[in-house]
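Asks: Next up is a structure, given as structure tokens.
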Amino acid sequence: MSYQAWANYFEQHANHFDHIDFEKPDDLSLDELRLIKTSVRQFQRGEHSEGKHLMQYAKEQTAYSGDDSYERAIQWFIKEEQRHAIGLGKFMHTHGIRKITSDPVDNIFRAMRRYLGFEQSITVLLTAEIISLIYYRALHKATASPLLQAICNQILLDEELHINFQCETLKEITADRPAAIGFLSRNWQRFLLAGTVVVVYTQHGKALKVGGFGFSRFALASFKTLERSIDMVYNNAPIQRRQEQWVV
């Protein structure tokens with residue numbers, strides 16, 4: 001897909017949460033609330049970003065190439081992430097879960113995206129998308145809340161495509177690089193994901209485990225997704241398209 005096609009896709013799917021009825025009464029037991037509330041508000045915080053530094057990188061790409069299609073795609077991508085935060089925020093409001101304005105792990109990821117340059121910003125973002133893909137699968141199963149399950153299902157559909165979008169960007173950035181540099185880049189991605197898996201499981205292990213992801217399964221699922229992503233970026237595997245529905 002071209003960046004123009006990505007931009008058009010994100011724009012055309014701007015109403016992707018409209019099918020969810022946020023006004024409908026929702027059931028969440030006290031035990032389920034206790035299990036997920038800390039976890040959900042941390043991920044909701046992570047989804048909420050103005051994307052200022054990512055937009056700056058995109059503007060620089062426009063200035064360099066004279067083509068603003070990547071900038072447009074990033075604008076719509078950021079809006080989609082913000083809609084994730086809005087959807088989770090509505091669920092939290094329904095069940096009295098307060099929002100947070102700062103989280104240490106989220107702050108580290110934001111700092112890395114800000115200071116490490118364009119390529120590493122996308123690499124860090126890809127790592128976060130991979131973790132989110134597994135986390136929302138677990139969260140979907142961790143409670144019987146119809147509202148939360150609907151939100152998770154939509155986010156899963158979106159995150160799958162986000163991974164593909166970031167892979168296409170990295171593929172373009174890293175094209176024609178020496179094999180040795182590609183080797184270092186791939187192993188940096190693995191190292192970054194390994195550290196992230198440990199940190200995320202330390203913080204969210206209870207919810208992940210109830211959702212069917214003990215540490216081993218969480219790590220294996222995360223790395224399976226990373227290796228698929230590496231194949232798309234470095235091994236000429238086709239950039240995969242979004243599935244029509246996500247089967248959790």
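The values are calculated or read from the model by the stated rules, or taken from the named source; none is laboratory data. In this text, all values refer to a predicted model and were calculated from it rather than measured experimentally. Here Cβ is always computed from backbone atoms with ideal geometry, including for glycine, and neighbour counts include all displayed protein chains.
Asks: Please report, ordered by residue number, the helices (runs of 4 or more DSSP H) entirely within segment 13-103 with at least 2 residues that are closer than 19 Å to P146 by Cα and touching a residue at least 24 places away in the same chain (Cβ under 8 Å).
Replies: On the way: elements: 30-47, 52-65, 69-94.
Hits in segment 13-103: 30-47, 69-94.
Asks: Give me a count of the residues in segment 190-248 that are in a loop (DSSP other than H, G, I, E, B), of a type in the set (K, R) and either surrounded by 14 or more Cβ atoms within 10 Å (Cβ to Cβ) or at pLDDT 95 or above (or both).
Replies: Start the filter on segment 190-248 by keeping residues that are in a loop (DSSP other than H, G, I, E, B), which leaves 211-214, 235-248.
With the extra rule that they be of a type in the set (K, R), the set shrinks to 241-242.
Pick out the ones that are also either surrounded by 14 or more Cβ atoms within 10 Å (Cβ to Cβ) or at pLDDT 95 or above (or both) and you get 242.
Of the residues in that region, 1 qualify.
Asks: Picking from K141, K171, which residue would you name as being touching a helix residue (DSSP H, G or I) at 6+ places or on another chain (Cβ under 6 Å) and in contact (Cβ under 8 Å) with a residue 60 or more places away in the chain? Write out each step before concluding.
Replies: Working: K141 fails: touching a helix residue (DSSP H, G or I) at 6+ places or on another chain (Cβ under 6 Å).
Matching residue, one of K141, K171: K171.
Asks: State all residues of segment 174-189 that are exposed (fewer than 15 other Cβ atoms within 10 Å of the Cβ) and assigned to a helix (DSSP H, G or I); if no residue qualifies, say none.
Replies: Kept after step one, since they are exposed (fewer than 15 other Cβ atoms within 10 Å of the Cβ), are these residues of segment 174-189: 175-181, 183-184, 187-188.
Across segment 174-189, the qualifying residues are A179, A180, I181, F183, L184, N187, W188.
Asks: Let me ask another. Residues in segment 119-130: is at least one assigned to a loop (DSSP other than H, G, I, E, B), more than 12 Å from the chain's Cα centre (by Cα) and not basic (K, R)? Steps first, please.
Replies: Let us first name the residues in segment 119-130 that are assigned to a loop (DSSP other than H, G, I, E, B), namely none.
No, every residue in segment 119-130 fails to be assigned to a loop (DSSP other than H, G, I, E, B), more than 12 Å from the chain's Cα centre (by Cα) and not basic (K, R).
Asks: Now for a different question. When you look at D106, is it at pLDDT below 95, in a helix (DSSP H, G or I) and not aromatic (F, W, Y), yes or no? It would help to see each step written out before you state the result.
Replies: Details: at pLDDT below 95: yes; in a helix (DSSP H, G or I): yes; not aromatic (F, W, Y): yes.
Here the answer is yes, as D106 does meet what is asked.
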